[in-house]
Amino acid sequence: MDIRQLKYFVAVANTRNFTRASEQLHIAQPPLSRQIQLLEEELGVQLLLRNSRPLRLTEAGRVFYEQALQILNRLEQLKNATQQIGLNQRQTLSIGFVASTLYGGLPVLVRKLRQHYPEVDIQLLELTSMQQFAALKSGRIDIGFGRIRSNDATVARIVLREEKLVLAIPPSFPLAASHQRVSLKEVHGQKLIVYPKEPRPSFADHILSLLNDQDIHPAEVHEVREIQTALGLVAAESGLCLIPASARLRNDLHYRLIDDPRATSPIILTHRINDNAWYIEAVKQLVADMYAERPAWLDIETSSFPATGFPNPERRD
């Protein structure tokens with residue numbers, strides 16, 4: 001097995017077609033088919049279902065594809081990092097994030113990273129949680145900050161904290177008459193605005209699943225692309241919206257904390273599995289330092305902290 005065969009297989013898996021893959025690789029189709037066949041013979045398993053149109057991966061093929069993609073991406077990163085050092089260029093750290101993390105500690109974390117590692121060029125890319133998983137595999141980003149849990153075996157996940165949800169309410173609605181915690185059941189029969197509309201699954205599915213588990217059915221669900229649009233529609237009295245507590249930024253809305261321990265949204269640090277690069281421990285240490293400082297943006301009332309080795313700001317030892 002060699003790198004060339006990995007590239008050939010990934011091209012076939014991406015295009016699901018030998019002809020298109022051979023055109024993409026600028027080689028004839030028979031040699032390409034032969035290399036994939038040799039790869040399968042060496043592994044002793046079938047990687048492709050050739051009798052389907054388009055081609056489909058077997059379960060073994062899917063696992064091999066994910067691992068091959070990681071190897072090729074790591075090789076590209078190795079090449080780039082070596083060239084950067086050799087040419088005295090700045091190293092790049094690409095961070096994916098969902099928009100709602102900007103309302104919490106992400107800006108502070110990025111500032112600390114720039115202060116501690118001034119020689120590193122830090123790039124920020126706004127991506128949904130699902131887009132971050134794909135971007136990690138392709139090497140487009142190095143780490144991500146999202147809110148959706150995943151069973152993807154190629155992505156490592158660390159829950160930094162669980163953030164409680166609040167209900168965003170137009171001030172004119174009866175629900176805005178109180179500042180007390182509110183039951184999720186109050187959403188039943190109301191118009192609800194969720195985000196993001198796509199790609200799925202997303203934070204919208206997290207909210208809808210939370211409601212469905214308790215047999216709570218909104219009268220109408222309006223899906224929008226981003227949180228700013230959702231809150232704007234709440235301000236326009238188009239409905240209610242469930243959001244992370246840190247996103248309570250509009251002062252023309254009324255917010256009530258949800259009275260349910262399950263009504264939370266995690267903030268999750270993700271990175272490629274088996275990635276031992278310096279930035280993983282650097283980010284984890286900076287997050288731990290931030291938590292220990294108990295900054296103003298870290299609302300202890302609306303956050304809970306899993307036993308992940310990070311200092312728990314809820315305790316004063």
- Looking at Q180, S246, N80, which one has the Cα that reaches farthest to the positive end of the dipole of the chain (charges on Cβ: Lys, Arg +1; Asp, Glu -1)? N80
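What 222 nm value per residue comes from the helices of the chain, counting each DSSP H run with n ≥ 4 as -39,500 (n - 2.57) and dividing by all residues, nearest 500 deg cm²/dmol? List each step's numbers first, then the result.
Working: 9 runs with 120 residues, N = 317.
It comes out at -12000 deg cm²/dmol, rounded to the nearest 500.
For the chain, with all protein chains present and a 1.4 Å probe, just round the carbon and sulfur fraction of the accessible area to a whole percent. It would help to have the intermediate numbers written out before the result.
Numbers: 7910 of 16100 Å².
Carbon and sulfur atoms account for 49 percent of the accessible area of the chain.
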- Span per principal axis, largest first, for the Cα atoms of the stretch 1-153 (Å): 54, 38, 26
- Message: Using a 1.4 Å probe on the protein heavy atoms only, what accessible surface does E198 show? Give it in Å² to the nearest 10.
- Response: 100
- Treat each spin label as a single point 7 Å out from the Cα along the C-beta direction, and report the Q123 to V108 distance in nm. 2.8
- Item | Only Lys, Arg (+1) and Asp, Glu (-1) charged, at Cβ; the stretch 129-243 dipole about Cα centre in debye | 300
- Calculate one ³J(HN,Hα) per residue across the stretch 76-82 by plugging θ = phi - 60° into the Karplus curve 6.51 cos²θ - 1.76 cosθ + 1.60, and present them in order as whole Hz with x for glycine and proline. 5, 5, 4, 4, 5, 5, 5
- Whichever aspartates and glutamates have a C-alpha closer than 14 Å to that of K164, once near sequence neighbours (fewer than 8 apart) are set aside: D259, D260, D299, E301
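Taking the solvent-accessible surface of protein heavy atoms with a 1.4 Å probe, what is the per residue accessible area of the stretch 82-195 in Å²? Mind showing how you got there, number by number?
Numbers: 5350 Å² over 114 residues.
Result: 47 Å² per residue.
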- Query: If the chain between S209 and N80 were fully stretched, how many nm would it gain, using 0.36 nm times the residue separation less the Cα-Cα distance?
  - Reply: 42.2 nm
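For E281, E226, give the ranking by accessible area with the largest first, probe 1.4 Å. Provide the component values of the computation, followed by the final result.
Numbers: E281 115, E226 85 Å².
Ranking E281, E226 by accessible area, largest first, yields E281, E226.
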- Message: Give the separation of the Cα centroids, the stretch 18-53 to the stretch 199-238, in Å.
- Response: 44
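The values are calculated or read from the model by the stated rules, or taken from the named source; none is laboratory data. Worth saying up front: this structure is predicted, and the values here are computed from it rather than measured. Cβ: placed from backbone, ideal geometry, glycine included. Neighbour counts: every protein chain shown. To get the accessible areas, we keep the full protein, side chains included, count just its heavy atoms, and leave off ligands, DNA and RNA. Shrake-Rupley method; radii C 1.70, N 1.55, O 1.52, S 1.80 Å.
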